[in-house]
Amino acid sequence: MRAFVWYWPMVLAGVGTAMYLLSPLKPDVFGINGLFHGLSQVLIVLPGFYIAALAAVASLSNSGLDEDLGSDAPSVTMEIRDKSVPVTLTRRKFLLLAIAYVSVLSLLLLVTGVVLAYGFDPNTMAAIFPMIVLLGLNTLTLAVFLYFFASLISTTVHIVYFLAEGAHLPV
């Protein structure tokens, strides 16, 4: 799972940022015609979808989902009555945590994307900042946003794989 949460998003964000830096005509990053506006349009449907998936997994009556994931089962440390207790994940708990992660991440990316798309005018920013500072600001903002967007996509792919392949296999 670590590769899906950390490494693949870094690679994808690096490739996306490199494509931006190497393009001869730099597209707008901010503003209504910018990249954040386009990504926000994609993100607008995801939070509702993820929250519906969260409710579906939480209420699904399948006893196989409540079994441990086996000998290699991941565990998390939970605070229960002011004590840190390690809890081995069941299939349901794993799915709920993963879907909750992408639900919150998609909401945060949506709000961030809308603020970056509508809150900053590229023409005003070009008048305020020198070109090299503006290029650095665009590149850094785009790299961070693409990292979290790629994390959202790669975790979603992992969840879909787990649901399609792993949820119905015996422990």
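Taken together, the values in this text are just the output of simple stated rules run on the coordinates, not laboratory data. Just so it is clear, the model here is predicted, and its values are computed rather than measured. Cβ sites come from the backbone with ideal geometry, for glycine too, and all protein chains shown count toward neighbours.
Is there a quick way to get the dipole size of the chain? I mean about its Cα centre, with the Cβ of Lys and Arg at +1 and of Asp and Glu at -1; what is the value in debye to the nearest 20? Write down the numbers at each step before the final one.
Values: 7 positive and 9 negative charges, 20 e Å.
Charge dipole, the chain, about its Cα centre: 100 debye, nearest 20.
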Among [x] 18.2; [y] 17.4; [z] 16.0, the value of Kirkwood radius over Cα pairs in Å computed for this structure carries the label [x]
What the Cα atoms of region 33-101 span along the principal axes, largest first and in whole Å, is 49, 30, 25
Phi-derived 3J(HN,Hα) across region 40-56 with the Karplus relation (6.51, -1.76, 1.60, θ = phi - 60°), rounded Hz, x for Gly and Pro, is 5, 5, 6, 6, 5, 8, 5, x, x, 4, 5, 5, 5, 5, 4, 5, 5
From the Cα centre of region 111-141 to that of region 1-76, the distance in Å is 23
Projecting the Cα atoms of 84, 36, 122 onto the charge dipole of region 29-171, where Lys and Arg contribute +1 and Asp and Glu -1 at Cβ, the residue farthest towards the positive end is 122
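Using Cα-Cα distances under 8 Å and only pairs 6 or more residues apart, what relative contact order does the chain have, in percent? Could you put the intermediate results ahead of the total?
Values: 176 pairs, mean separation 68.1, N = 171.
40 percent.
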With Cα springs under 10 Å, the Gaussian network model of the chain assigns the largest mean-square fluctuation among 139, 88, 77 to 77
Which residues qualify? For residue 29, with a placed amide H closer than 5 Å and at least 5 residues away or on another chain, they are 35
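If a/c stays under 1.5 just call it rounded; otherwise compare a/b with b/c (prolate if a/b is bigger, oblate if not). Do that for region 114-153, with a ≥ b ≥ c from the square roots of the Cα gyration tensor eigenvalues.
Working: a/c = 5.07, a/b = 1.74, b/c = 2.92.
Since a/c reaches 1.5 but b/c is at least a/b, the shape of region 114-153 is classed as oblate.
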